[in-house]
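Some notes on the structure that comes next.
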Amino acid sequence: MPFQLIDYAPVLLMFIVAAGFAITFITISQLVGQRKRTRTKLMPYECGKDPVGSARERFSVKFYLIAMIFILFDIEVIFLVPWAVVFKKLSSPEYGLSNVVYLEMLFFMILLAAGLVYVIKKGAFDWKQAAGREAEAEARLLEIAEERGKKKAA
């Protein structure tokens, strides 16, 4: 079957529609949207946390743990999709690898499940305690900042 550029027309059409959609709604937002510049809107947005304190403060270990968990399961999907695509072909009588291919993926999934159980046992997804501690720490920082401001004013 010879290469024909016209076969890629649907992909090009999809890119055109996506770009048109994005440009259209950004333009509408700029034309119709409100333009009130408040102090809150001008602050940088970082993960839902108010930018209080020094920019040099340390991140919680939980931030890195969640990032690694995301990468772990993202890689799982990257390996799972191609396996699912070729599984039927490899399990055909021509190759005869149905048990081997299935057991390899089962072993891979068991390893990932073990990682997930480990992360759950460590409390990585327990946001109630961590959120409470972070809120208390931010409140203490705000109190300290207010006290320093009062001392300087006096």
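The values are calculated or read from the model by the stated rules, or taken from the named source; none is laboratory data. Keep in mind that what you see is a predicted model, and the values were worked out from it rather than measured. Methodologically, a virtual Cβ is constructed for each residue, glycine included, from the backbone with ideal geometry; neighbour enumeration extends over all protein chains shown. Areas reflect the complete protein model, heavy atoms only, side chains present, ligands, DNA and RNA absent. Shrake-Rupley method; radii C 1.70, N 1.55, O 1.52, S 1.80 Å.
Structure notes:
- Selected residue (only one of Leu141, Leu72, Leu103 is out of contact with any strand residue (DSSP E or B) (no Cβ under 9 Å at 6 or more places or on another chain) and at pLDDT 85 or above): Leu103
- Scanning region 17-54 for residues that are modelled with pLDDT of 80 or more, surrounded by 10 or more Cβ atoms within 10 Å (Cβ to Cβ) and either touching a helix residue (DSSP H, G or I) at 6+ places or on another chain (Cβ under 8 Å) or among the aliphatic types (A, V, I, L, M) (or both) gives Val17, Ala18, Ala19, Ala22, Ile23, Ile26, Ile28.
- Pairs linking a residue in region 88-104 that is free of Cβ contacts under 8 Å to residues at least 60 places away in the same chain to a residue that is surrounded by 12 or more Cβ atoms within 10 Å (Cβ to Cβ) and part of a loop (DSSP other than H, G, I, E, B), with Cβ atoms under 6 Å and 6 or more positions apart or on different chains, are Leu90/Leu97; Ser98/Ser91.
- Qualifying positions in region 91-102 - open to solvent by 50 Å² or more (accessible area, probe 1.4 Å) and either in a helix (DSSP H, G or I) or in contact with a Pro (Cβ under 8 Å, 6 or more places away or on another chain) (or both): Asn99, Val100, Tyr102
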